[in-house]
Amino acid sequence: AVISYARHLQNLDESSGVNAVDATITKAVQSSDITFTDEMPVGSSNGYVDWFETYGEKYFNGSTDGVPNFKPIQNSKLQSYDGDLKRISKLTIEAKSDAGLFAARGDSQTVSNVIMTGTYVKSQNGSAGALVGKVTGSAAIEQCQVYLTTTDIKAKNNHDVWIQGKTAGGLIGTVHGGTGDEQDN
């Protein structure tokens, strides 16, 4: 699958129904920067349907700041996601269980080359990370980053990068199993 817009990301989740139609989607590659705002991306066509129009009412979940709530991607069939060093900006997630762009990644699943800025992730009862809530087994996370959107630290607030959960981490909330790469120092 080629991921060009915020709604394409949400469609990777099994509950979206997209993978039920085409269960052969095992790999996804991001083709452009993705911003979770109501602004139309530069160069978009008139037929562009943005995140707010597609998911606004359904995903607000009581939010008072007008930002729809992204549902963490849960998809056991999706073996690899390559961000191709494109940005994902202003992602907002509030979930009851493991939360991040991906709720969890497990054996033989890979997430690579993802750059996230301005991320807000909150899990009530699980692990929280900007990229992945929980990593298990032999999942691979490669060349991924999360950071503030500008160098003006004085203008930052808790929505620029905010990660909260029972356990929390910048990229990954928790890691269970696996051995990691050993390097000579």
Problem set entry | Filter pass, Gln143 being more than 17 Å from Phe36 (Cα to Cα), open to solvent by 50 Å² or more (accessible area, probe 1.4 Å) and touching an Asp or Glu at 6+ places or on another chain (Cβ under 9 Å) | no
When (1) open to solvent by 10 Å² or more (accessible area, probe 1.4 Å); (2) in a loop (DSSP other than H, G, I, E, B) are applied to Phe70, the one that fails is (1)
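So how many residues does segment 110-125 have that are open to solvent by less than 10 Å² (accessible area, probe 1.4 Å) and more than 11 Å from the chain's Cα centre (by Cα)? Give the steps one after another, and end with the answer.
Pass one, segment 110-125, residues open to solvent by less than 10 Å² (accessible area, probe 1.4 Å): 111, 114, 116-119, 121, 123.
Narrowing the set further to residues that are more than 11 Å from the chain's Cα centre (by Cα) leaves 118, 123.
Matching residues across segment 110-125 total 2.
The values are calculated or read from the model by the stated rules, or taken from the named source; none is laboratory data. No experiment lies behind these values; they were computed from the predicted model shown. Please note: Cβ atoms are built from the backbone with ideal geometry, for glycine as well, and neighbour counts cover all protein chains shown. Just the protein is used for accessible areas: all its heavy atoms, side chains included, with ligands, DNA and RNA removed. Shrake-Rupley method; radii C 1.70, N 1.55, O 1.52, S 1.80 Å.
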